[in-house]
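Data block below; observations after.
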Amino acid sequence: MSLPEPRNPSGPYRICVVCLGNICRSPMAEKILLTDLARAGLADRVQVDSAGTGNWHVGADMDRRAASTLRKYGYPTGHVARQFSPSWFPERDLILAMDTDNLADLVRLAPDEETKDRIRLFRSFAPGVGPNPEVPDPYYGGEDGFITVLTMIEAASKGLVGELTALFSAR
Ligand code: 4NP
C-alpha cells in the first residue's frame, strides 16, 4: 500500500506515531525515525511526533528502559508523554499504530474513510513481515523486550524513510 498523499502538498509531511502509553514504543519510534530522516536529508520535509491512546502517563518522561536502550544505540531521549486527540487528525498525513489494538482504537476515533486510510501499522513498512505486523508492548516484560522493539522499529523506520524519499523524489 502506498503512502497517503500529503494533505498540504506545499507543507511538510506530518506523521504521528501512536502506542498505548506514549512512554515506550511510540517515543522510541519517534526518535529513531527523526534520526533516520535527518540522515536521509529529509529533516525539513517530514515532521514526526508521538502520542498514546491512553492517558495514564500524560506529562511523564519516557520509560527508563526505553530511554536507556535508545541511549545505548546513540539516539536522543527527551520526551513528555501525551494522549492522542482526534482533533489532530486533520493535521496529520499519516498516523502509525504500533499494534492492532492501537490501530482499532484510532480507526474508531477517525471521522471519515479518508482519515481511516491514513492510519497504518508502523511495522508494515519493514521488509519481509507478514500480515498485521505489530511492535509488541514491552512494558510488562524485561529489558530484552526493549532491544527487540528497537530492532523492529529500526527496520520499519528504514523502510518508511525509503518510501518517503520516493514520495519526495516523485514530486
Ligand atoms: P507503550 O507501553 O504503549 O509502548 O508506551 C506501555 C506503557 C504503559 C502501559 C502499557 C503499555 N500501562 O499500562 O501503563
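Solvent exposure of the chain, expressed per residue, is 47 Å² of accessible area, with all protein chains present and a 1.4 angstrom probe.
Using 0.36 nm per residue and subtracting the Cα-Cα separation, the extra length available between Arg39 and Arg171 on full extension is 45.5 nm. Taking chymotrypsin sites (Phe, Trp or Tyr not before Pro) in DSSP loop states with no more than 12 other Cβ atoms inside 10 Å as exposed sites, the chain has its longest site-free stretch at 57-139. Note on Asp112 and Thr77: their simple-model spin labels are 4.3 nm apart, each label 7 Å out from Cα toward Cβ.
When peptides 21-27, 44-50 are sorted by average Cβ neighbour count within 10 Å, with the highest value leading, the order is 21-27, 44-50. The string of couplings for the range 160-165 from the Karplus curve (6.51, -1.76, 1.60, θ = phi - 60°) is 5, 5, x, 5, 5, 4 Hz, one whole number per residue in order, with x for Gly and Pro. Per-residue Karplus couplings for the range 16-22, computed as 6.51 cos²θ - 1.76 cosθ + 1.60 with θ equal to phi - 60°, are listed in order as 10, 9, 10, 10, 7, x, 6 Hz, Gly and Pro entered as x. Placing a label point 7 Å from the Cα of Ser68 along the Cα-to-Cβ direction, the residues of the range 22-37 whose backbone N falls under 16 Å of that point are 24. Taking amide H atoms as placed 1.01 Å from N in the peptide plane, the amide H of Ile119 lies under 5 Å from those of Ile95, each 5 or more residues away in sequence or on another chain. The alpha-carbon of Lys72 sits under 17 angstrom from the alpha-carbons of these lysines, leaving out residues fewer than 8 places away in its chain: Lys31.
For the range 116-171, the set of GluC sites (Glu not before Pro) satisfying both a DSSP loop assignment and a count of at most 14 other C-beta atoms within 10 Å is empty. Treating each Cα of the range 13-169 as an identical point scatterer and ignoring solvent, apply the Debye formula and state log10 I(q)/I(0) at q = 0.09, 0.10, 0.16 Å⁻¹. Debye output, listed in q order: -0.25, -0.31, -0.84.
The values are calculated or read from the model by the stated rules, or taken from the named source; none is laboratory data. Being a predicted model, the structure only gives us computed values, none of them experimental. Because the Cβ atoms are built from the backbone with ideal geometry, glycine has one as well, and the counts that use them run over all protein chains shown. Side chains included, ligands, DNA and RNA excluded: accessible areas come from the protein's heavy atoms. Shrake-Rupley method; radii C 1.70, N 1.55, O 1.52, S 1.80 Å.
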